[in-house]
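**Q** Handing you a structure now.
The values are calculated or read from the model by the stated rules, or taken from the named source; none is laboratory data. The model shown is predicted, which means the values in this text are computed figures rather than measured ones. Note: ideal-geometry Cβ built from the backbone for every residue, glycine included; neighbour counts use all protein chains shown. Heads up: the accessible areas ignore ligands, DNA and RNA and are worked out on the full protein's heavy atoms, side chains in. Shrake-Rupley method; radii C 1.70, N 1.55, O 1.52, S 1.80 Å.
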Amino acid sequence: MIDTHAHLSRRFCDIVTIDPALKVILAASNLEDSEENVILARQNPKQFWAAVGIHPQKTDPERKESTAEQINKLKVIIENNRDFIAAIGETGIDLSPAPPEEEDRTREEQEELFRAQIKLSLTYNLPLVVHSRKAMEETLSILGEYKNLKGVIHCYTGGKKRISKVLDLGENWFLGIDGNVTYEAGLAEVVAAIPKDRLILETDSPFLAPIPHRGETNRPEYVRFVYQKVADIWQLNSKETEELIDRNAQRLFAIDTPAR
Ligand SMILES: [Zn+2]
């Protein structure tokens, strides 16, 4: 089982041990997360793979470097740790208001950051973990300008009608679904409409805990409730479901062939 999106850096959680059978892609929202993810992946390379990236909204308002300076630092992190990194992200476009402890970036700044990270993904042959809120059309249109990209639209909220637009980005594009599928009937319908070879699952820990833990702090282990919900939707047994989903995640993140 693979949780393809969990925030485990210190500002999010104090989880120290996780079921060793589980593989986890560690999501990053800023440079600090990116550095911590790499440390966690180095400490436990069979369980953790780092994503490194900068979120469209400013999750670290105290950091004063320019966008270009931050991208340069990100590049250095990638070059020094390439074998422990499985993805760039989360990056994308978010046109909803930033939460109180964070800060909005202008639309232009967001796009500049997004495009710079798209270029890093091409340079280093790493998939993109794309965050898109209230901006699905804008996000897909930017991605559509590039060739040979691969990635996931994380915590997909584009409804049934935009699934085909994501699939049209290329055969290496996936939709990431989270624990809210266990309590949102509309999202279960979306999952039923996603081709089985283009779906991956995530927790977005510590957020979005699935039933029966709804309202609690989410943990990577709870991804099994998301797998089970998908098995129910697909009307397959849990083993078949796990094989199909894990094959997709392996295909995108190449975490079965570590270069370390
Ligand atoms: Zn996230």
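**Q** For the stretch 67-89, state whether one or more residues are acidic (Asp, Glu), more than 20 Å from Ile255 (Cα to Cα) and away from the ligand (no atom under 16 Å from the Cβ).
**A** Yes - at least one qualifying residue is present in the stretch 67-89.
**Q** Name the single residue, out of those in the stretch 102-157 being in a loop (DSSP other than H, G, I, E, B) and open to solvent by 80 Å² or more (accessible area, probe 1.4 Å), that is farthest from the ligand (Cβ to nearest atom).
**A** Per the stated criteria, the residue is Lys147.
**Q** Across the stretch 202-230, what is the total count of residues that are within 10 Å of Asn180 (Cα to Cα), within 14 Å of the ligand (Cβ to nearest atom) and in a helix (DSSP H, G or I)?
**A** Result for the stretch 202-230: 0.
**Q** May I pose another question? Filter the stretch 158-178 for residues that are of a type in the set (D, E, K, R) and surrounded by fewer than 17 Cβ atoms within 10 Å (Cβ to Cβ) and give the result. If you could, list the steps in order and put the result at the bottom.
**A** Looking only at the stretch 158-178, we keep the residues that are of a type in the set (D, E, K, R), and these are 160-162, 165, 168, 171, 178.
Hits for the stretch 158-178 are Lys160, Lys161, Asp168, Glu171.
**Q** When Ala98 is evaluated against the numbered criteria (1) part of a loop (DSSP other than H, G, I, E, B); (2) surrounded by fewer than 22 Cβ atoms within 10 Å (Cβ to Cβ); (3) aliphatic (A, V, I, L, M); (4) more than 15 Å from the ligand (Cβ to nearest atom), which criterion, by number, is the only one it fails?
**A** The failed condition is (4).
**Q** While we're here: Of the residues that sit in the stretch 1-28 and are open to solvent by 10 Å² or more (accessible area, probe 1.4 Å) and within 21 Å of Ile54 (Cβ to Cβ), which one is farthest from the ligand (Cβ to nearest atom)?
**A** Arg10
**Q** May I pose another question? Could you check the stretch 191-201 and list, in sequence order, the residues that are away from the ligand (no atom under 14 Å from the Cβ), within 17 Å of Thr157 (Cβ to Cβ) and either open to solvent by less than 10 Å² (accessible area, probe 1.4 Å) or among the basic types (Lys, Arg) (or both)?
**A** Those that are away from the ligand (no atom under 14 Å from the Cβ), within 17 Å of Thr157 (Cβ to Cβ) and either open to solvent by less than 10 Å² (accessible area, probe 1.4 Å) or among the basic types (Lys, Arg) (or both): Val191, Ile194, Arg198, Leu199.
**Q** Among Thr217, Thr241, which is farther than 13 Å from Tyr156 by Cβ and modelled with pLDDT under 95?
**A** Within the list Thr217, Thr241, the selection yields Thr217.
**Q** Another question about this same structure. Look at the stretch 16-46 and say how many of its residues are part of a helix (DSSP H, G or I), touching a residue at least 24 places away in the same chain (Cβ under 8 Å) and touching a strand residue (DSSP E or B) at 6+ places or on another chain (Cβ under 9 Å).
**A** Residues flagged as part of a helix (DSSP H, G or I), touching a residue at least 24 places away in the same chain (Cβ under 8 Å) and touching a strand residue (DSSP E or B) at 6+ places or on another chain (Cβ under 9 Å) within the stretch 16-46 amount to 10.
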